[in-house]
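See below for the structure under consideration.
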Amino acid sequence: MATTWAERGERLIWAVAGSGKTEMIFQGISDCLQAKGRICIASPRIDVCLELAPRLEAAFSGIPLALLFGGMEDAYCYTQLTIATTHQLLRFKAAFDLLIIDEVDSFPFHNDKTLNFGAEKARKPNGALLYLTATPPREMQKRVKQAKLVATILPARYHRYPLPEVTCKWLGDWRKSIQKKNRRSLLMKYIHQLIQSERRFLLFMPHIGLMKELENWLHLLYPELSFTSVSAEDPKRVEKVKAMRQEQYRFLITTTILERGVTFRDIDVFVIGTEDRVFTESSLVQIAGRAGRHKDFPTGLVWYGHYGQTRAAKRAVRQIISMNNEARKGGLLHAKLSDV
């Protein structure tokens, strides 16, 4: 990272979820700040920006920080250090000496030519550009293989435990189970199993309507439990995610809005309906990465529940296994899966 800044280069950091990507960029940011340079850390997701802001404020407490996203109340003032959604980059021209794009594969930045143009326009002609992600797009992976893009690949998490590997669960017609409120369905069997384990967890669902149906049903079945749902359309999504982080909820039902950029201390993950097109290889790998992130809680269940396997789900499972194998080969793990 520091080398990329020093050489004003372009680099991809391909690092598994929970590897400490944010902390990796601190030295380069520090070097740029000391050289009186201007830095922007951009992400397609508001949630990622909101997660990054307090961590950057703590690391660089003496530097004023601007947080830019759609609907923000405060007016923008010039700062050396900016965190912004990628849409906000369209406001800048040749502004940044160091531009870092976190979760570069995420919607809506990925495949959006306007946003990609905005990012190029926002950095200075001799500025450095750094991409961060656990799941680079295939065309970016191709550029790395062709030596057209320099990459640093980190297959291990910062705590040196393996990524939790996935168990696939056949659910049958889970949509019908929700609509008919079938308490004996496989879907309800697995949700009840998670509840009985007394662990906190995330339930990922492909669509808001089904998510709300399931939430209402579960409130009837488990009125004593504290939980809620959250989506991009939820005006209280920031408060709900914060409450989950503070462990005020036992579990959270969510769309893919929480697939990346959020960290909870100790969590299991259950994806419902991986056969849906909304669950890409990238999103499924990112979702799995929500489990086992904390050094004191490096393990967690990851279930892909489905009504038919997809190529995306199979590739996601293989990618996680492959990263763990690469980490073992490199001697980067201090524990085997059987030891955890």
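The values are calculated or read from the model by the stated rules, or taken from the named source; none is laboratory data. These numbers were taken from a predicted model, which means no experiment stands behind them. Note that each Cβ is placed from the backbone with ideal geometry, even for glycine, and that neighbours are counted across all protein chains shown. Note: areas computed on protein heavy atoms with side chains; ligands, DNA, RNA excluded. Shrake-Rupley method; radii C 1.70, N 1.55, O 1.52, S 1.80 Å.
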Extreme residue, farthest from Ala17 (Cα to Cα), among residues of the range 132-189 that are open to solvent by 70 Å² or more (accessible area, probe 1.4 Å) and in contact with a strand residue (DSSP E or B) (Cβ under 6 Å, 6 or more places away or on another chain):
Val150
Looking at Ile63, Ile29, which is the one that is modelled with pLDDT of 90 or more and under 20 Å from Thr263 (Cβ atoms)?
Ile29
Out of all the residues in the range 236-253, is one or more at pLDDT 95 or above and within 26 Å of Pro137 (Cα to Cα)?
no
Exclusive hit being over 18 Å from the mean Cα position of the chain (by Cα) and modelled with pLDDT under 95, set Gly330, Gly261
Gly330
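Looking at the range 225-340, what helices (runs of 4 or more DSSP H) fall wholly within it and have at least 1 residues that are farther than 29 Å from Ile101 by Cβ and open to solvent by 20 Å² or more (accessible area, probe 1.4 Å)?
It comes to 311-329.
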Taking Arg123 as the residue in question, decide whether it is touching a strand residue (DSSP E or B) at 6+ places or on another chain (Cβ under 7 Å) and basic (Lys, Arg).
yes
Checking the structure you have, find out if any residue of the range 100-114 is closer than 29 Å to Leu65 by Cβ, open to solvent by 30 Å² or more (accessible area, probe 1.4 Å) and either in contact with a Cys (Cβ under 8 Å, 6 or more places away or on another chain) or free of Cβ contacts under 8 Å to residues at least 60 places away in the same chain (or both).
yes
Counting residues that are in contact (Cβ under 8 Å) with a residue 60 or more places away in the chain and hydrophobic (A, V, I, L, M, F, W, C), which strands (runs of 3 or more DSSP E) fully inside the range 28-99 reach at least 3?
39-43
Here are the criteria: (1) open to solvent by less than 50 Å² (accessible area, probe 1.4 Å); (2) touching a residue at least 40 places away in the same chain (Cβ under 8 Å). Tell me which single one Glu10 does not satisfy.
(1)
Do any residues in the range 188-199 that are without any contact (Cβ under 8 Å) to a residue 60 or more places away in the chain have Cβ atoms under 8 Å from those of residues that are in a helix (DSSP H, G or I), where the two are at least six apart or on different chains, and which pairs are they?
Met188/Ser177
Residue among Arg311, Arg318 that is under 17 Å from Leu163 (Cβ atoms) and basic (Lys, Arg):
Arg318
Quick one: would you say Met188 is under 25 Å from the mean Cα position of the chain (by Cα), at pLDDT 95 or above and under 22 Å from Thr254 (Cβ atoms)?
no
What number of residues within the range 190-224 are surrounded by fewer than 13 Cβ atoms within 10 Å (Cβ to Cβ) and touching an Asp or Glu at 6+ places or on another chain (Cβ under 8 Å)?
1
Consider Ala58 against the criteria (1) modelled with pLDDT of 90 or more; (2) buried (at least 20 other Cβ atoms within 10 Å of the Cβ); (3) under 21 Å from Val241 (Cα atoms): it satisfies all of them except one. Which criterion is unmet?
(2)
